[in-house]
Every structure is written in C-alpha cells, then in structure tokens.
Amino acid sequence: MNKRQTILQQAMLLAEHSDWESVRLRDLASSMNIPLLEIHQHYPQKDDLVDAWFDLADQAMLACQQHPDFEHSSAQDKLLTAMMQWLNAMASHRRVTRQMLYYKLEPGHIHLQAAAVLRISRTVQWLREIADLKAQSFKRIEQELALTALFTSGFVRWLTAPEPAGTTARNWLARGLQLGRWRNLWH
C-alpha cells in the first residue's frame with residue numbers, strides 16, 4: 001500500500017470512530033505521526049480524500065471486467081454487475097460514505113456539488129464503456145440520462161436503506177435496468 005492509500009485508509013478509520021465532519025487534516029497527520037505538509041502533498045484539501053474514496057469505487061467497478069464470464073454477459077447484466085461492484089467497494093464504510101455525500105451537499109459547498117455532478121457523469125461514462133454501449137446522438141443522450149438517474153437513485157437507496165443495503169440497491173437497479181431493456185436502451 002502506498003502512502004496516498006495509507007492516508008486515505010487512516011482518514012476512513014478516524015471517521016468511523018467519530019464522523020466525517022470531525023476529521024481534520026491536522027488530526028489525520030498527527031494520528032499517522034507525519035507532518036501536515038505530507039498530507040498536503042497527497043491531498044491538498046479534505047475533499048480530495050472524498051474523491052479518492054470514489055476513485056477506489058470506480059477502480060473496483062472497472063475491475064469487474066476481469067471476470068472470465070463478464071464479456072459474455074448481456075449489457076444489462078454488465079451494468080448491474082458494475083454498479084454493484086461500485087457500491088460494494090464502499091460497503092465497509094457506508095455510514096462514512098453517506099456523511100461524505102452530506103458534506104458535499106451542504107448549502108455552502110456549491111463548488112463541491114458542481115464537482116460531484118462531473119464525477120457522476122464520469123462514472124456513467126465508464127459504465128457505458130464497461131457495458132460496451134455504442135448508442136450515438138439522441139439515443140446516447142437518452143441512455144446517459146437513464147443511466148445517470150438509475151445510478152444516482154440506486155446509490156441513494158444504498159446509502160439510506162437498512163441492512164442489507166446491497167440487496168435493496170440491487171433490486172432497485174435490476175428493475176431499472178429491466179425497464180431500460182424494454183425501452184431498448186442498452187445497445
């Protein structure tokens with residue numbers, strides 16, 4: 001594990017012992033016995049830790065392609081597998097992930113909200129790549145809008161559902177993907 005990953009892991013542990021809002025970069029550095037400058041070199045601001053956490057989820061989502069049967073699956077199944085991999089990558093810190101999202105949605109954090117929209121768009125583009133969706137023009141736009149709505153609503157369901165959250169989200173995503181298939185969206 002490199003230093004950047006170690007810092008992120010320690011930040012998540014600190015948040016688990018309190019909450020995300022209580023995590024201060026100064027306390028993070030102190031808990032690792034490193035200078036604050038070293039935190040800054042890897043994470044110039046606290047929100048960069050949140051981005052790194054979601055980057056790990058994106059990487060887990062992309063890694064699902066390595067399963068031998070993945071390429072022989074339907075686009076609908078690929079999308080469901082990829083979205084569940086994304087959620088499962090964060091399952092060990094679901095409460096903290098929810099707090100991170102609330103932090104981004106605070107009224108004074110408009111700059112973080114704009115970045116969050118771009119992040120969702122980027123993840124949706126990776127979903128399209130994973131499922132090998134080739135639609136163009138208006139069909140691509142419809143596909144992106146449907147995937148964005150489904151992915152976002154599935155994420156919210158996962159964040160807010162009682163345990164087992166993965167089952168609640170999976171059922172929601174599977175129904176939404178089935179509706180999309182009926183609309184001939186996953187091509």
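The values are calculated or read from the model by the stated rules, or taken from the named source; none is laboratory data. Owing to the predicted nature of the structure, the values given are computational and were not obtained by experimental measurement. No Cβ is skipped: glycine too gets one built from the backbone with ideal geometry, and neighbour counts run over all protein chains shown. Just the protein is used for accessible areas: all its heavy atoms, side chains included, with ligands, DNA and RNA removed. Shrake-Rupley method; radii C 1.70, N 1.55, O 1.52, S 1.80 Å.
Using only Cα atoms, tell me the angle between helix 3-17 and the longest principal axis of the chain; keep it within 0 to 90° and round to the nearest 10. It works out to around 90 degrees.
The charge dipole of segment 130-187, taken about the Cα centre with unit charges on the Cβ atoms of Lys, Arg (+1) and Asp, Glu (-1), comes to about 180 debye, rounded to the nearest 20.
For the pair segment 1-30 and segment 135-158, the centres of their Cα atoms are 32 angstrom apart.
Counting other Cβ atoms within 10 Å of each Cβ, which GluC sites (Glu not before Pro) in segment 111-187 have at most 10 and sit in a DSSP loop? Display every interim value, and only then the final one.
On the way: sites: Glu129, Glu142, Glu144; in loops: none.
When the GluC sites (Glu not before Pro) of segment 111-187 are filtered for loop state and at most 10 Cβ neighbours within 10 Å, nothing remains.
Helix 110-130 and the longest principal axis of the Cα set of the chain meet at an angle near 40°. Highest mean packing comes first when the peptides 37-44, 150-157 are listed by Cβ atoms within 10 Å, giving 150-157, 37-44.
In terms of the Cα gyration tensor, with a ≥ b ≥ c the square roots of its eigenvalues, is segment 78-187 rounded because a/c is under 1.5, prolate because a/b exceeds b/c, or oblate? Each step should come with its number before you reach the end.
Numbers: a/c = 2.20, a/b = 1.32, b/c = 1.66.
Judged from the Cα gyration tensor, segment 78-187 comes out oblate (a/c at least 1.5, b/c at or above a/b).
With a threshold of 24 Å on the Cα-Cα distance, the over-threshold entries among Lys46/Lys78; Lys78/Lys139; Lys104/Lys134 are Lys46/Lys78; Lys104/Lys134.
Surface composition of segment 1-126: carbon plus sulfur atoms hold 54% of the accessible area, using a 1.4 angstrom probe and ignoring ligands, DNA and RNA.
In the full protein context, the chain carries 55 Å² of accessible surface per residue, based on a 1.4 Å probe and ignoring ligands, DNA and RNA.
Structural descriptor for the chain: relative contact order 21 percent, calculated from alpha carbon pairs under 8 angstrom and at least 6 residues apart.
Taking Rg and Dmax of the Cα atoms in Å as calculated from this structure, the corresponding entry among [x] 55.7, 199; [y] 16.6, 49; [z] 17.7, 56 is [z].
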